[in-house]
Amino acid sequence: MKLPRIPGVDTERVRRLGLSSSIFSLALVVFLLLGAHGAELGTSVEKAPQTSTHFNGSVYFNPEFQPVPASRHGREPKRGGSRWIWRWLFGNDWPEWPEIKDVSPGPPPAVRVPKGALRITPVGHSTFLIQMDEVNILIDPIWSNRCSPVSWAGPKRRTPPGIRFEELPPIDFVLVSHNHYDHLDLPTLKRLAKRGTPSAIVTLGNQDLVQDAGIPTVHALDWWQSVRLSPDVTVTLVPAQHFSSRTLWDRNKTLWGGFVVSGQSGNVFYSGDTGYGPHFREIARRFSPIRVALLPISPFQPQQSTEPPREYYPSMHMGPAEAVQAHVDLDAELSIAAHFRVFQLGPDGFDDAVNKLASALKERDLKPDAFIAPTPGQAIELSARLTTASSPVSLETSGANR
């Protein structure tokens with residue numbers, strides 16, 4: 001029997017395994033409903049603090065959440081998990097993304113940068129290597145070919161990582177913003193643990209999961225809590241407007257957030273996944289000036305889509321227009337786009353987010369280099385310590401074959 005086209009699933013591999021279409025589809029549905037993941041079975045969720053202002057005793061929530069449009073009874077809109085799984089298994093009208101193969105990773109990063117220096121290398125999706133003040137930090141690392149509980153199904157990587165994993169410098173700290181598979185990737189965390197990464201900073205509820213991956217020291221933070229990474233560098237967990245889940249029954253059982261990394265070289269803000277909200281202005285108030293903001297620009301609902309807008313898109317994810325507004329609220333010297341052209345997680349076309357970002361900047365009369373959509377592996381190095389709002393920014397591309 002011929003297997004149907006199932007987006008994100010290697011149907012040829014399934015055929016070679018000798019599974020029929022009906023058996024395979026049923027098994028995969030059962031698997032997803034059970035939320036199975038071999039490394040996670042039996043893993044308990046860390047008990048959340050009862051004193052948190054964004055925890056109701058059972059789940060975390062967004063205190064400033066304003067649904068668009070307002071949902072019934074003031075509750076957060078649901079993601080529509082069963083409908084999403086059905087579309088993921090049996091087809092959808094999303095545009096086909098190309099698989100980019102004819103590129104080479106960027107040059108190996110520096111082993112370290114000196115005090116006062118700041119260098120950021122986008123790896124792809126939401127993975128960034130931040131090198132500042134002699135400390136190396138890796139944010140939401142994923143080198144896997146799929147963001148999924150399994151290696152043979154789920155959203156497939158369309159653009160290769162901008163840095164070869166083997167060419168990473170020593171990583172002092174890993175930051176994990178929330179537990180979605182495209183941000184908390186256990187296979188990558190295990191690889192980092194094997195190469196000696198000693199510490200991770202995570203959101204509440206994810207400490208055991210990351211420690212089980214082999215990272216020896218894991219700090220779990222609530223919003224506005226900080227950890228000192230070195231005498232010169234501090235990281236603070238800051239609010240984001242999002243949600244968490246790795247199965248169909250653990251929604252919002254763990255916290256989500258963004259990070260501000262502060263040092264002699266300035267403040268770097270990584271938003272994590274988030275919708276637009278007042279938290280950007282509060283982060284700017286507490287951490288101004290912000291030298292660099294790392295902001296997601298997809299998925300969003302493209303104008304050409306025939307589907308009605310889904311509430312969770314504007315509430316839980318920013319499109320380019322909202323990201324540009326966040327850039328303005330933050331008064332960032334430079335913003336760098338994240339969460340685009342790697343994993344297709346919504347109905348956007350491959351180039352939609354980048355094209356709309358350029359349009360949004362033009363509409364706001366902002367310079368194109370104020371908010372860039374970088375090529376993975378392209379190092380972005382800011383001059384030593386911010387002195388004026390127009391401090392020069394250089395893009396190092398030597399050694400990259402693009």
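The rows are residues; the columns are (1) modelled with pLDDT under 95; (2) crowded, with 20+ Cβ neighbours inside 10 Å; (3) at positive phi.
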{"site": "H37", "(1), (2), (3)": "yes, no, no"}
{"site": "E40", "(1), (2), (3)": "yes, no, no"}
{"site": "F55", "(1), (2), (3)": "yes, no, no"}
{"site": "Q66", "(1), (2), (3)": "yes, no, no"}
{"site": "P77", "(1), (2), (3)": "yes, yes, no"}
{"site": "I100", "(1), (2), (3)": "yes, no, no"}
{"site": "V123", "(1), (2), (3)": "no, yes, no"}
{"site": "I137", "(1), (2), (3)": "no, yes, no"}
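Inside the range 227-260, residues that are outside any loop (DSSP other than H, G, I, E, B), crowded, with 22+ Cβ neighbours inside 10 Å and among the aliphatic types (A, V, I, L, M) make up a count of 3. Taken together, the residues in the range 306-327 that are modelled with pLDDT under 85 and either in a loop (DSSP other than H, G, I, E, B) or touching a strand residue (DSSP E or B) at 6+ places or on another chain (Cβ under 6 Å) (or both) amount to 6. Tally the residues that are surrounded by 18 or more Cβ atoms within 10 Å (Cβ to Cβ), small (G, A, S) and over 20 Å from L138 (Cα atoms), restricting the search to the range 340-383. Selection size over the range 340-383: 3. Within the range 261-270, the set of residues being in a loop (DSSP other than H, G, I, E, B) and either within 18 Å of the chain's Cα centre (by Cα) or crowded, with 24+ Cβ neighbours inside 10 Å (or both) comprises S265 only. Among the numbered conditions (1) in contact with a helix residue (DSSP H, G or I) (Cβ under 6 Å, 6 or more places away or on another chain); (2) closer than 22 Å to G346 by Cβ; (3) surrounded by fewer than 24 Cβ atoms within 10 Å (Cβ to Cβ); (4) of a type in the set (V, I, T), the only one that I297 does not meet is (3).
The values are calculated or read from the model by the stated rules, or taken from the named source; none is laboratory data. Only a predicted model underlies this, so the values are computations on that prediction, with no experimental measurement involved. Every residue, glycine as well, gets a Cβ built from its backbone with ideal geometry; the counts of neighbours run over all protein chains shown.
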